[in-house]
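Accompanying notes for the structure given below.
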Amino acid sequence: MTLIDAGPTGALRIAPSILAADFGALASAVHEIDVETDWLHVDVMDGHFVPNVSIGPPVVQSLRPYSGRFFDCHLMMSQPGRYLQAFKEAGADGCTVHVEVGDTATLIRDARALGLRVGLAANPDTPFEAVAPYLGEIDLLLLMTVFPGFGGQSFMGDVMNKVSEARREVDHNRLLVDIEVDGGIDTRTAPLAVHAGANVLVAGSAIFSRPAPLEAARALREAARSEL
């Protein structure tokens, strides 16, 4: 399957998380916000690495014909390596694994070998030093602004220090790495994240749980642009 171009590294991206969408009308929900969507964020939870279960490759495969956006799959899984190929075949364009599960170098290598865009994620209490050695090998650094597992949590502002540290390192070394934040992102927190150095904003409840999701996505983009 041909992968979709992620676009210029470092550009502002709005990545709605389908975790907050109506799964009974997922294609329609995604289509409604398409014009304000850069990437589509797919949260995958295995009930082991995080205390919740969400979706897998079959849902990605089912949704793929209804969206031409970049599918940014966040694998909150204890054994993501077992599923990288399945997600790629289902239509994932990028897969992000957590540094906390270990065997990071192998996971990065295997994802790269499949032709996936490679992401590395860190939980709020994981220090920047845990991901720093891999910055030159990845395309995306995801710094969680909530503890993963459930949508609708409150934004953890302390993580912005880590975002700023990551931005300094990426810029200093002229690395082609996007910095993504996920958790509690809305029109109030998006400018804080962009100011700290994030350029990919994942938002679920702030878009799909609003009465007018398209307008909510547009407002989020405008709020983020205020810090550019």
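The table below gives the values:
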quantity	calculated
Lone qualifier among LEU220, LEU201, LEU214 - being assigned to a strand (DSSP E or B), closer than 22 Å to ASP22 by Cβ and not hydroxyl-bearing (Ser, Thr, Tyr)	LEU201
Answer residue from the stretch 12-25, given it is in contact (Cβ under 8 Å) with a residue 40 or more places away in the chain, out of contact with any Phe, Trp or Tyr (no Cβ under 6 Å at 6 or more places or on another chain) and outside any strand (DSSP E or B) and is farthest from ASP93 (Cα to Cα) among those	ASP22
The one condition in (1) modelled with pLDDT of 95 or more; (2) in contact with a His (Cβ under 8 Å, 6 or more places away or on another chain) that VAL118 fails to fulfil	(2)
Test: residue in the stretch 56-70 that is closer than 18 Å to LEU143 by Cβ, touching a Phe, Trp or Tyr at 6+ places or on another chain (Cβ under 6 Å) and at pLDDT 95 or above	no
From the options SER62, SER154, residue that is surrounded by fewer than 16 Cβ atoms within 10 Å (Cβ to Cβ), of a type outside the set (Asp, Glu) and part of a loop (DSSP other than H, G, I, E, B)	SER154
Sole exception among (1) under 25 Å from LEU175 (Cα atoms); (2) of a type in the set (A, V, I, L, M); (3) buried (at least 21 other Cβ atoms within 10 Å of the Cβ); (4) within 16 Å of the chain's Cα centre (by Cα) for ALA11, by number	(3)
Residues (modelled with pLDDT of 95 or more and closer than 18 Å to ASP125 by Cα) located in the stretch 168-183	ILE179, GLU180, VAL181, ASP182
The lone exception for TYR134 - which of (1) of a type in the set (Phe, Trp, Tyr); (2) farther than 19 Å from LEU84 by Cα; (3) modelled with pLDDT of 95 or more it fails	(2)
Some residue of the stretch 75-95 being without any contact (Cβ under 8 Å) to a residue 60 or more places away in the chain, within 27 Å of ALA193 (Cα to Cα), assigned to a loop (DSSP other than H, G, I, E, B) and more than 16 Å from the chain's Cα centre (by Cα)	no
Residue within the stretch 180-196 that is small (Gly, Ala, Ser), within 23 Å of GLY94 (Cα to Cα) and touching a Gly at 6+ places or on another chain (Cβ under 9 Å) present	yes
Candidates THR145, THR126, filtered to the one that is under 22 Å from SER54 (Cα atoms) and in contact (Cβ under 8 Å) with a residue 12 or more places away in the chain	THR145
GLY68, sole failed condition from (1) touching a residue at least 60 places away in the same chain (Cβ under 8 Å); (2) under 30 Å from ARG225 (Cα atoms); (3) buried (at least 18 other Cβ atoms within 10 Å of the Cβ)	(3)
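Yes/no matrix, rows are residues, columns are (1) touching a Leu at 6+ places or on another chain (Cβ under 6 Å); (2) surrounded by fewer than 20 Cβ atoms within 10 Å (Cβ to Cβ); (3) in a helix (DSSP H, G or I); (4) among the hydroxyl-bearing types (Ser, Thr, Tyr):
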position	(1), (2), (3), (4)
VAL170	no, no, yes, no
ILE179	yes, no, no, no
HIS195	no, yes, yes, no
ILE207	no, no, yes, no
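The values are calculated or read from the model by the stated rules, or taken from the named source; none is laboratory data. Fair warning: this is a prediction, and the values are worked out from it, not measured in the lab. Heads up, the Cβs are rebuilt from the backbone with ideal geometry, glycines too, and the neighbour counts pull from every protein chain shown.
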